[in-house]
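Working notes, structure below.
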Amino acid sequence: MAQIPFLGIKHHRKKRAAVQIPRKSFFWCTLLLVFFAAFTFSSLLFRGFHPWRPAATTALPGVKPIVPVIETVEFPDETVVFLKYPPSTPLFTKYDLYCLYLNPNSSQPPESVENDELLGQQLVRCPLIKPRGVLTSLSVKSTGYNLSIGPSRRWNSLAYEAMIDRDNTTIVFVKGFNLRGGKQSDASKFKCVYGWDVKNPKFVLQSDVVSIAQEVVRCNTPVSILNNPQRFVGTTSNMNQFIKVSVRMVGKEPLESIASPKRRLQVNLPGQKQHEMCVCTMLRNQASFLKEWIMYHTRIGVQRWFIYDNNSLDDIDDVIKLLSMDGNINVTRHVWPWIKTQEAGFAHCALRARDVCEWVGFMDVDEFFHLPTGMPLLDILRNQSRSGNSKVAELRVSCHNFGPSGLKHVPTQGVTMGYNCRMIAPERHKSIVKPEALNSTLINVVHHFHLKSEFRYANMDRNVLVINHYKYQVWDVFKEKFYRRVATYVSDWQQHRNVGSRDRAPGLGTRAVEPPDWSSRFCEVTDTGLKDRVAQMFTDPNTGKLPWQKSLT
């Protein structure tokens with residue numbers, strides 16, 4: 001039978017001879033494979049993740065590029081889809097998309113599409129439909145193309161934000177451990193986990209937890225992550241999978257994660273902060289009150305504003321953009337979809353403000369600084385920074401709670417002019433802090449932070465600085481405020497939980513019914529101090545109007 005020569009190997013139709021590989025060649029092939037495997041593993045572990053980048057895609061003229069869905073998170077009343085874009089890609093609006101559902105087959109327009117410039121993404125908020133429909137995809141109206149939806153995470157068991165701090169630790173914001181408020185927990189009971197799939201133990205790096213308190217975890221960051229924290233992997237079928245970080249209790253699986261550790265904080269700081277006084281707030285559907293609050297405080301000395309928007313459905317973005325057009329107002333909005341996370345949001349804001357602000361006030365949109373003596377706010381802060389007070393890093397400012405003051409409708413001149421009757425005794429306090437002096441755990445109870453051991457707080461004289469807290473306004477405003485609190489203590493004031501909490505209105509209980517005497521409640525003493533000051537400072541002599549009564553356009 002004829003032999004068929006083929007690369008030196010003899011082949012037979014009936015019987016194949018075993019391929020004989022010389023021992024010397026086998027040795028060198030094996031050595032090469034071992035070397036390649038060792039090099040790949042060491043690169044992953046010690047020099048950072050080195051993934052393949054997806055090939056660039058091009059869009060047809062007039063057609064928006066297809067954008068991969070990063071993550072999907074389910075909340076009690078909506079599903080939020082996080083989209084990531086190449087820098088040159090046009091952004092979607094709520095009019096460009098449909099939310100598609102299964103069981104029943106239907107589509108709904110999104111409630112909103114939010115631009116998060118800090119994280120470089122968009123948040124598409126899709127409503128939950130009844131009977132409960134499963135969100136399957138987003139449809140692009142102009143092309144009919146459906147964006148595939150990634151696996152859905154639960155909002156209350158999730159690592160949801162992360163950033164690398166100046167000391168190279170990773171700060172992770174998590175929900176799901178239900179740790180004791182205001183207290184540091186045992187860090188040895190937890191581990192931090194890094195990887196593209198934090199649930200797969202074969203492809204993760206682990207590190208020790210430095211501290212853990214409330215919803216804030218500080219981790220030792222692996223060297224590979226520090227070398228390249230923004231590296232991503234993917235192919236055309238698996239795009240933009242960023243390295244994520246999560247936290248697990250020892251002996252248990254890590255929490256699901258959408259948190260990618262990135263360096264967003266300055267490492268080399270200038271000798272002097274850019275701003276003396278800044279304010280952080282978290283709000284929801286407060287656009288109609290924002291102009292008065294920001295314009296007033298800007299006039300008395302606040303120089304920078306960090307607005308954490310907790311799922312507003314009003315025109316707050318337009319109001320902030322218009323306010324930003326004023327050369328004296330420096331305000332930015334950060335989309336913060338995480339509910340019941342006011343302490344975590346304030347910790348997140350404190351880190352951002354630390355780079356540019358000497359002092360930061362943490363307060364709500366219905367709280368106004370009042371200076372009874374007329375001493376400028378910045379002079380008060382400078383007095384606290386002099387040599388004798390150099391260790392004072394927190395100013396605790398008492399709050400006077402104002403009631404509806406006989407009103408049944410929202411006052412047209414604003415809250416400072418409309419509400420002038422309050423309770424006699426002050427309640428609680430809010431703080432102005434030096435963010436550089438905060439304890440590394442970032443523990444706070446909304447009203448004040450924990451400081452480093454060498455710093456202390458000072459109580460402000462109420463004749464020098466006090467807060468007018470317009471807490472109990474007309475019923476419609478109060479009902480919206482307490483329907484879905486951003487605070488941790490009372491998530492929904494109609495639930496029969498934490499009934500004795502001071503976040504609740506005294507005597508109201510849990511019934512969503514306006515008491516017949518609501519407009520006259522909480523009125524024990526007339527106080528027109530701030531009202532008179534505002535009228536003097538802001539009234540237009542020609543029109544008699546205040547600046548927040550006028551259109552900003």
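The values are calculated or read from the model by the stated rules, or taken from the named source; none is laboratory data. What you are looking at is a predicted structure, and each value in this text was computed from that prediction instead of being measured. Positions of Cβ are generated from backbone atoms using ideal geometry, with glycine treated the same way; all protein chains shown enter the neighbour counts. With ligands, DNA and RNA removed, areas are computed over all heavy atoms of the protein, side chains included. Shrake-Rupley method; radii C 1.70, N 1.55, O 1.52, S 1.80 Å.
Observations on the structure shown:
- Checking each residue in segment 289-319 for being open to solvent by 50 Å² or more (accessible area, probe 1.4 Å), in contact (Cβ under 8 Å) with a residue 60 or more places away in the chain and in a loop (DSSP other than H, G, I, E, B) picks out only Leu313.
- His447 being touching a Lys or Arg at 6+ places or on another chain (Cβ under 7 Å), modelled with pLDDT under 85 and surrounded by fewer than 20 Cβ atoms within 10 Å (Cβ to Cβ): yes
- Any hit, segment 68-90, residues being free of Cβ contacts under 8 Å to residues at least 40 places away in the same chain and open to solvent by less than 20 Å² (accessible area, probe 1.4 Å): yes
- Look at (1) open to solvent by 10 Å² or more (accessible area, probe 1.4 Å); (2) in contact with a strand residue (DSSP E or B) (Cβ under 7 Å, 6 or more places away or on another chain); (3) among the polar types (S, T, N, Q) and you find that Asn328 fails only one, number (2).
- Every residue from segment 444-477 that is without any contact (Cβ under 8 Å) to a residue 60 or more places away in the chain and either more than 25 Å from the chain's Cα centre (by Cα) or over 27 Å from Lys183 (Cβ atoms) (or both): Ser453, Asp461
- Taking segment 202-215 as the range and being of a type in the set (A, V, I, L, M, F, W, C), open to solvent by 50 Å² or more (accessible area, probe 1.4 Å) and at pLDDT 95 or above as the test, only Val210 passes.
- Of all the numbered requirements in (1) of a type outside the set (S, T, N, Q); (2) without any contact (Cβ under 8 Å) to a residue 60 or more places away in the chain; (3) surrounded by fewer than 20 Cβ atoms within 10 Å (Cβ to Cβ), Gly406 misses one, and that requirement is (2).
- Residue under evaluation Trp359, criteria (1) in contact with an Asp or Glu (Cβ under 7 Å, 6 or more places away or on another chain); (2) more than 23 Å from Met295 (Cβ to Cβ); (3) surrounded by 19 or more Cβ atoms within 10 Å (Cβ to Cβ); (4) not basic (Lys, Arg), criterion not met: (2)
- Residue within segment 278-293 that is over 21 Å from Gln342 (Cα atoms) and in contact with a strand residue (DSSP E or B) (Cβ under 6 Å, 6 or more places away or on another chain) present: no
- Selection count where residues are crowded, with 19+ Cβ neighbours inside 10 Å and in a strand (DSSP E or B), scope segment 371-398: 4
- Of the residues making up segment 253-266, not a single one is touching a strand residue (DSSP E or B) at 6+ places or on another chain (Cβ under 9 Å), surrounded by fewer than 15 Cβ atoms within 10 Å (Cβ to Cβ) and assigned to a strand (DSSP E or B).
- Within segment 106-114, one or more residues are touching a residue at least 12 places away in the same chain (Cβ under 8 Å), open to solvent by less than 30 Å² (accessible area, probe 1.4 Å) and in a loop (DSSP other than H, G, I, E, B).
- Exactly one residue among Leu322, Leu351 is among the aliphatic types (A, V, I, L, M), in contact (Cβ under 8 Å) with a residue 12 or more places away in the chain and open to solvent by 20 Å² or more (accessible area, probe 1.4 Å), and that residue is Leu322.
- Test: residue in segment 412-431 that is at pLDDT 95 or above, at positive phi and over 27 Å from the mean Cα position of the chain (by Cα): yes
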